[in-house]
1. Which ³J(HN,Hα) values in Hz, rounded to whole numbers, follow from the phi angles of the stretch A:211-224 under the Karplus curve 6.51 cos²θ - 1.76 cosθ + 1.60, where θ = phi - 60° and Gly and Pro get x?
2. Most exposed first by the Cβ proxy, i.e. fewest other Cβ within 10 Å, how do A:357, A:170, A:382 rank?
3. Which of the three applies to chain B, rounded, prolate or oblate, going by the alpha-carbon gyration tensor with a ≥ b ≥ c and a/c under 1.5 meaning rounded?
4. Multiply the residue gap between residue B:85 and residue B:108 by 0.36 nm, knock off their C-alpha separation, and tell me the result in nm, one decimal place.
5. Just to check I understand the Karplus step: with θ = phi - 60° and J = 6.51 cos²θ - 1.76 cosθ + 1.60, what whole-Hz values come out for the stretch A:230-238, glycine and proline as x?
6. Take the cross-link list A:93/B:47; A:175/B:127; A:79/B:47 and give me the ones stretching past 24 Å between alpha-carbons.
7. Which order results if A:433, B:12 are arranged by neighbouring Cβ count within 10 Å, fewest first?
8. With a/c under 1.5 counting as rounded, go ahead and sort the protein assembly as shown into rounded, prolate or oblate using the C-alpha gyration tensor (a ≥ b ≥ c being the square roots of the eigenvalues; past the cut-off, prolate if a/b is larger than b/c, else oblate).
Amino acid sequence: MDAPSFLTAQLIVNIVVILIVVHLLLGLAGYSTYGERKISAYIQDRIGPNRVGFDLGLPFLKFLRGLLGLGQPLADGLKFMLKEDYMPRGADKALFTLAPMVVAIPALIGFAVIPWGGTLSLPETITIPLLNWTIPGGDVVIAGANISVGIIYLLAVGSMAIYGITLAGWASNNKYAFLGALRASAQMISYEIPMGLCILTVLLMVGSLLPEKIIGYQVAHGWLVLAHPVAAVVFFICILAESNRTPFDNAECEQELVAGFHTEYSSMRYALFPLSEYIHMAVGSAFFTLLFLGGYHLPLGFIADQHLLHPENTSILAVLVKFGVFLGKAVGGVLTMMLVRWTIPRLKFDQVMQVGWQGLIPISLVVVVMTAVMVFYEKTTWPWMLAANALLTLVLLGLLPILPRATSNKKVRLAGSRFYPLEGERVRTAPTSAAAIEDRPSQGTVAV
Amino acid sequence: MIEVVLADGAVSSYIPVMLLLTMAVTFGAFNVIASRLIGPRRDGGTKGQTYESGMAPIGTARKRFNVRFYLIAMVFLVFDIEIIFLYPWATTFPNLDPGSTNAQVWLFRILFFMATTVVAYIYGLRKGVFRFD
């Protein structure tokens, strides 16, 4: 019996990769919440979650109790499921339900083009047991989908989450949610531009949209973070802003907007928002790994050709190792984002827009032009590019004082105050009250 | 150099994407529906109000908002379309002969194209589109 014509080894590998990676990402997202709480706990000198194990309250599973609190994400997920799913009056019913799904779906399908394990060599013909079908084998790419648009797919899908967030804020009929959604959409579209420009710098070096070729270029010519340090930094900042992470989480800043666009959400409809935020982070840092950190490549030049760690080894074991390396780098990126969250305070919204429009966009435009010129003069090896980046940074720093500046945060003079006294008025800044002088006698001067 | 398996651009290479999309939609729909079925449902008088820091909500939230968001969206369109036009150029340009007349023409045309966007950017900057204070 003949196999259907569309069934190829590539398709089967794609489906297997999808099934593995979707579950891996969901698990990773769940345990990211745990990791985030543990990291914040260590930074703030606390212990963090350490109670919930896997004993489910059953006496005979007592040995599974505790376990560093590893059961916490599972318990949280169950709790979300059992909570009341409430919709406020005046909310748009259809959009309110649709919004979390519109956020979650792009987050889940974004990873499809990432080549987790490089190329796998299969025998020329493969026979499927039981059905007795023979299909052509050969070299296949370990990715969710081997499509020709590659990077553009990631960009297109990644920017679709904005719709969900805007819809969520609009449908809630809550002023905080609405403001949060507006801020989120403005911020996310703003940071998409430098992100796209940074990807352009990589494409200008590689000359292809295929993720496999981008990694192949980095295996041959060194990681692109060496050739494009400025673009790499800008890109990382943009990932933070795109996934609404601190220091760019103005969409949900507690002090101003309660919880931002998901103020009115509860139960699993709420849970989809943080879940997709964590998946967005994981996919974003996998994207960063793909573009700048060499993907599955380990910089070990000295190992032999057929060694397990060699990038050109395409056996199944080597592919699994590559998968692990890629995932390890991506998880490292997520952990860095968490460290950033608990280290750097949030920017004000006008500062966020200022950084985006007056900082990152001009910088990344200049980097694109510089890369194009370097490509024209065929000086694309990483020492040349590094030198060009250093020169560019120096020039930009030199130009900084003469560039036009936004006039925000100007101090408003309060006429008549002790700092800006009225004309002819004399101000005594030494304490005059007896209580104050008694309280700090060393600083107090004797009142006249 | 690693041998690269070229994607042929055929429609059949999008089958996995369709599968993934189906899985994602099922996941989203399942979670939303399941928690609706499992969770308790108790409605109440003031419970249906939207949250406004504990005060009785004033009016609706569907109000007019700051025009700056609209301006940002307009400028975003300019830049986004510029970038979309740059993508085909960026994938072709490094494959040309570096330093050749052909490459020179490609480089200067695209630099002119970028310069037109820079003009728009400077106009926006002068008009204060990027200032949110």
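1. Running phi through 6.51 cos²θ - 1.76 cosθ + 1.60 with θ = phi - 60° gives x, 4, 5, 4, 5, x, 4, 6, 5, 7, 10, x, 4, 6 Hz.
2. Listed from fewest to most nearby Cβ atoms, that is A:382, A:170, A:357.
3. Working: a/c = 5.26, a/b = 1.46, b/c = 3.61.
Verdict is oblate for chain B.
4. Details: separation 23, 0.36 × 23 = 8.28 nm, distance 1.49 nm.
The span from residue B:85 to residue B:108 would gain 6.8 nm if fully extended.
5. Working through the residues one at a time gives 5, 4, 5, 5, 4, 5, 5, 4, 5 Hz.
6. Those over the limit are A:175/B:127.
7. Numbers: A:433 10, B:12 13.
Ascending number of Cβ neighbours within 10 Å: A:433, B:12.
8. oblate
Bear in mind that the values in this text are calculations on the coordinates, not laboratory data. These numbers were taken from a predicted model, which means no experiment stands behind them. A quick note on method: Cβ atoms are made from the backbone with ideal geometry, for glycine too, and the neighbour counts reach across all protein chains shown.
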